[in-house]
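Following: one structure in structure tokens, then a few remarks.
Just so you know, all these numbers are worked out from the coordinates, no wet-lab data involved. All figures in this text were calculated on a predicted structure; none of them were measured in a lab. Neighbour counts are summed over all protein chains in view; Cβ atoms, including those assigned to glycine, are modelled from backbone coordinates with ideal geometry.
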There are 2 protein chains.
Amino acid sequence: MTDMTIGKVADVVGVGVETIRFYERRKLIEQPPRPREGGYRIYSDATVRRLHFIRRAQELGFSLREIAELLALRDAESNQADASDVRQRAMAKLHDVDQKIEQLRRIRQGLAALVDCCPGQGPLQCCSIFDALEQNAGPTGEPIISEETDMQTIRLSIGGMHCGGCEEIVRHVLEQQTGVKGCSVSHESGEARVAVDESRISDEQLAEAVRGAGYSANIMNTTE
Amino acid sequence: MTDMTIGKVADVVGVGVETIRFYERRKLIEQPPRPREGGYRIYSDATVRRLHFIRRAQELGFSLREIAELLALRDAESNQADASDVRQRAMAKLHDVDQKIEQLRRIRQGLAALVDCCPGQGPLQCCSIFDALEQNAGPTGEPIISEETDMQTIRLSIGGMHCGGCEEIVRHVLEQQTGVKGCSVSHESGEARVAVDESRISDEQLAEAVRGAGYSANIMNTTE
DNA sequence: TTAGTGCCCGTACCACGGTACGGGGTCAAG
DNA sequence: CTTGACCCCGTACCGTGGTACGGGCACTAA
């Protein structure tokens with residue numbers, strides 16, 4: 001697996017050859033060694049892994065700049081240069097990630113609201129998505145239906161989900177409940193996280209709703 | 001509220017004047033009427049609503065191209081267009097967002113772990129994000145821990161996918177093939193990345209499998 | 001009528017994340 | 001030692017979603 005030329009690496013990682021050179025110019029990866037001046041680049045496994053990292057992080061919405069920062073974090077870590085600095089930067093990144101998640105969650109709510117309010121059949125005139133989007137909403141892109149209250153995240157352990165379809169069902173059930181602002185469901189982890197106004201619904205009521213759909217559900221308590 | 005000039009409209013909608021002209025060039029909005037040749041643009045309420053729509057849809061993660069498609073759907077009053085189509089698109093977007101959130105959550109955990117176990121100084125090997133992201137896996141996050149074989153990422157250009165459902169079908173087909181370890185499929189980019197053991201299946205076989213499901217497929221690998 | 005906005009248009013430019021090209025050099029198999 | 005695939009480098013170019021500039025009209029209030 002070692003000692004690959006650029007073309008091989010590109011194949012393995014799933015990017016173009018030019019892209020790898022581009023990353024090199026951007027200092028995302030270091031210049032690989034070559035046998036002689038002007039010879040071919042020879043890539044180590046470490047660099048290949050680094051490239052995998054870059055690609056995956058990109059899929060998560062990190063920009064190349066941010067990825068460079070993440071990588072710098074790790075590089076610094078192995079040098080154990082300024083451990084406290086690393087920690088600082090890791091915390092900053094953590095904050096970034098939290099914000100990203102929050103923003104996506106807002107987007108998700110908006111989309112879920114759209115999907116819910118559309119009949120899903122019949123002529124376009126019946127589709128409320130257009131109407132909903134024509135409303136003059138807040139500049140921050142606040143969800144269309146939003147009254148700020150004391151939100152909590154409840155985690156449920158759910159059994160019996162085997163596929164994305166099950167996920168959808170559970171999500172739908174949860175979102176039907178009053179007080180539920182949004183949720184994410186994963187059949188892989190068998191877990192749901194529900195953003196909820198606890199003054200309007202209890203965790204046990206949520207679990208019961210899920211059970212009503214044919215799955216098992218337990219409260220996982222202590223959110224973080 | 002009617003009969004606004006471009007500056008007023010820009011204020012109301014919350015975009016720049018140039019941006020409105022830009023949308024006009026991009027045919028997202030039609031040329032508004034003017035009193036005389038070379039006179040000022042006069043915008044109707046309908047156009048203002050259209051601009052709101054564009055803004056909101058953008059905030060939800062739709063590209064201008066996708067927004068143009070949505071608008072075209074409505075403009076073509078042909079009744080051929082169906083609310084379910086619009087709903088499909090929203091759901092596909094929703095699905096994208098869900099996946100992204102779930103993965104960001106993983107990253108968050110990794111970063112949090114890094115911060116936690118990095119109180120002052122010392123070597124830290126607990127950086128699970130880095131390890132996690134270095135795996136060659138689909139964005140569904142299946143942890144494809146390397147049982148070292150000659151794995152490769154094959155990229156396929158796939159035509160005919162219009163929604164998240166198509167994505168699912170293609171993903172399913174690909175994952176059924178022997179030698180396929182994982183894949184990510186995007187109907188937006190019309191592309192699939194397949195992590196595969198090339199000693200067990202050829203790229204052409206993969207493409208053929210996709211075609212068998214009713215889509216077009218071409219191998220994108222650089223320098224086949 | 002005249003000053004002062006505001007808008008007209010075309011064109012240029014920006015950051016981002018690559019992709020393409022072209023004229024050459026490298027490398028390994030036959 | 002030739003052939004053909006692969007790689008070298010620099011530079012130019014692409015789509016996306018805008019923003020900026022600048023000379024010249026359109027409108028409006030004094």
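Quote the FRET efficiency, to the nearest 0.05, computed for A:ILE42 versus B:SER84 with a Förster distance R0 of 41 Å and r equal to the Cβ-Cβ distance.
Efficiency, rounded to the nearest 0.05: 0.15.
Report, as a whole number in µm² per second, the diffusion coefficient that Stokes-Einstein gives for segment B:6-75 at 20 °C and 1.002 mPa s using the Kirkwood radius over alpha carbon pairs.
The calculation lands on 172 µm²/s.
What are the residues whose amide H is under 5 Å from the amide H of B:GLU191, where those residues sit 5 or more places off or on another chain and H is modelled from the backbone?
Close amide H contacts, sequence-distant or interchain: B:ILE158, B:SER186.
Restricting to DSSP loop positions (anything but H, G, I, E, B) with no more than 15 other Cβ atoms inside 10 Å of their own Cβ, which trypsin sites (Lys or Arg not before Pro) remain in segment A:1-54?
Loop-located and lightly packed - A:ARG26, A:LYS27, A:ARG36.
Would you mind checking the pairs A:LYS27/B:LYS93; A:LYS27/B:LYS181; B:LYS27/B:LYS93 and listing those with alpha carbons more than 25 angstrom apart?
The pairs that break the limit, which is 25 Å between Cα atoms, are A:LYS27/B:LYS93; A:LYS27/B:LYS181.
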